[in-house]
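Since the structure comes first, as C-alpha cells, the remarks are kept for the end.
FYI, it's all coordinate maths here, none of it is from the lab. Small disclaimer: the values here were computed from a predicted structure and weren't measured. With ideal geometry, Cβ positions are generated from the backbone for all residues, glycine too; neighbour counts draw on all protein chains shown.
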C-alpha cells in the first residue's frame, strides 16, 4: 500500500473519529480545503478549523468511509460514503469524491471534495 493511500485513509479515520486536531495537522500551513467544491476555499488554519467545526456541529454521529482510493504520484482521488445522525436525530447518508494533492513533506496542499450539499441541507431541514 502506498504512503499516499495510507495518508488518505488516516485523514478519513481521523475525520470519522472526530479528531479534528489530527485532521488539521495533516494540512500544510498554506493548505487549501475546498469542501464542498463551489464553496469558499478554507486556506488558513483558522478557516479550516471553522469549517470542520461547522461540519461536526451538524451531527451527533458521523462516519466517512473511503470506498476506493486511487493514488497517482503525490495525488490521490477517493470515492467515499458518509453516514451520520443529525442533532435532530435524523439519519443521513451521502457520497462523493475527493481529490488530494500532497506537498513534499507529505502534508495536504489541496483537498477538494465533490458532493451535493443539498442532500445534507434537506436532511437538516426535514
- Message: For the structure I just gave you, tell me whether residue 5 is surrounded by 15 or more Cβ atoms within 10 Å (Cβ to Cβ) and not in a helix (DSSP H, G or I).
- Response: no
- Message: Being touching a helix residue (DSSP H, G or I) at 6+ places or on another chain (Cβ under 6 Å), without any contact (Cβ under 8 Å) to a residue 24 or more places away in the chain and more than 24 Å from residue 124 (Cβ to Cβ): is that true of residue 22 here?
- Response: yes
